[in-house]
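S.K.: Sending over a structure as structure tokens; questions will come in a sec.
The values are calculated or read from the model by the stated rules, or taken from the named source; none is laboratory data. It should be emphasised that the depicted structure is a prediction, and the values quoted were computed from it without experimental measurement. All Cβ positions, even for glycine, are placed from backbone atoms using ideal geometry, and neighbour counts span all protein chains on display.
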Amino acid sequence: MTDADLITACRQGSGRAQKLLYERFAGLMLGVCLRYLRRREDAEEAMLGGFAKVFRALDQYRHEGSFEGWIRRIMVNEALGQLRRKEPLHLSIDDLTYDVPATAATAESQLNADDMLALLSELPAGYRTVFNLYALEGYTHPEIGELLGISEGTSKSQLSKARAMLQRRLAAASQQAVSSISSPKELYATGRY
């Protein structure tokens with residue numbers, strides 16, 4: 001069933017179609033919510049609230065752009081609302097500054113998606129939110145400023161600080177991976193010689 005068929009059936013009140021729509025997008029949208037919220041329970045709550053809004057607002061979808069993108073935007077807004085309630089952004093906007101320069105992360109860090117998600121979740125709320133909105137969702141700094149109630153300059157600053165912190169953490173993870181390999185044969189096999 002295509003997205004268009006699914007939307008039509010959902011608009012007609014088909015419970016089966018609603019279930020299919022949920023199953024088709026739930027995993028992806030939970031991932032979106034997890035990037036903004038530290039606790040899985042909070043992300044699941046945001047996702048469920050987001051789907052409730054999706055089903056209520058299906059008549060507003062005008063088939064302009066991708067349906068997945070439309071759902072994603074609802075999920076991002078729902079996750080941001082949940083974030084405001086659970087983890088105030090103002091606590092980390094410019095509160096945490098580090099004088100340590102960013103170091104280049106190496107490709108050898110062998111991080112998988114779960115590791116990267118864990119690194120992102122460790123960022124302060126403001127850094128994490130701006131990074132996600134800019135780097136992963138494609139929002140501009142003026143749009144981020146409007147969404148979060150911050151200036152464009154603050155958005156740019158938070159992104160810069162988030163990137164620097166991620167680079168340091170990636171470099172540290174890479175260094176730990178290299179130090180855990182003991183023999184020259186292992187170093188050669190992994191390309192870290």
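S.K.: Looking at (1) under 17 Å from LEU120 (Cα atoms); (2) in contact with a Lys or Arg (Cβ under 7 Å, 6 or more places away or on another chain), which is the only condition ARG35 fails?
M.R.: (2)
S.K.: Output the residue which, of all residues in the range 143-154 that are over 21 Å from GLY31 (Cβ atoms) and β-branched (Val, Ile, Thr), is surrounded by the most Cβ atoms within 10 Å (Cβ to Cβ).
M.R.: ILE150
S.K.: Hey, another quick one. Take the residues in the range 12-60 that are within 11 Å of GLN82 (Cα to Cα) and aliphatic (A, V, I, L, M); name whichever of them is modelled with the lowest pLDDT.
M.R.: Here the answer is LEU37.
S.K.: Do you know which of the residues in the range 17-53 that are in contact with a Cys (Cβ under 9 Å, 6 or more places away or on another chain) and under 12 Å from ILE71 (Cα atoms) is surrounded by the fewest Cβ atoms within 10 Å (Cβ to Cβ)?
M.R.: In this case the residue turns out to be LEU21.
Every residue, every condition in (1) more than 28 Å from GLU78 (Cα to Cα); (2) charged (D, E, K, R); (3) part of a helix (DSSP H, G or I); (4) modelled with pLDDT of 95 or more, yes or no:
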| position | (1), (2), (3), (4) |
| --- | --- |
| GLY145 | no, no, yes, no |
| ARG163 | no, yes, yes, no |
| GLN167 | yes, no, yes, no |
| LEU170 | yes, no, yes, no |
| GLU186 | yes, yes, yes, no |
| TYR193 | yes, no, no, no |
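S.K.: Also: Please go through the range 55-79 and pick out each residue that is of a type in the set (Gly, Ala, Ser) and out of contact with any Gly (no Cβ under 8 Å at 6 or more places or on another chain).
M.R.: Quick first cut of the range 55-79, residues of a type in the set (Gly, Ala, Ser) only: 57, 65-66, 69, 79.
Passing the criteria: ALA57, GLY65, SER66, GLY69.
S.K.: From the set of residues in the range 116-142 that are more than 24 Å from GLY69 (Cβ to Cβ) and surrounded by 14 or more Cβ atoms within 10 Å (Cβ to Cβ), which is modelled with the lowest pLDDT?
M.R.: Within the range 116-142, the match that is modelled with the lowest pLDDT is LEU119.
So that you can scan it fast, the table gives a plain yes or no per residue for (1) hydroxyl-bearing (Ser, Thr, Tyr); (2) in a helix (DSSP H, G or I):
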position: LEU6; (1), (2): no, yes
position: GLY13; (1), (2): no, no
position: GLN18; (1), (2): no, yes
position: TYR22; (1), (2): yes, yes
position: ALA26; (1), (2): no, yes
position: LEU30; (1), (2): no, yes
position: CYS33; (1), (2): no, yes
position: GLU44; (1), (2): no, yes
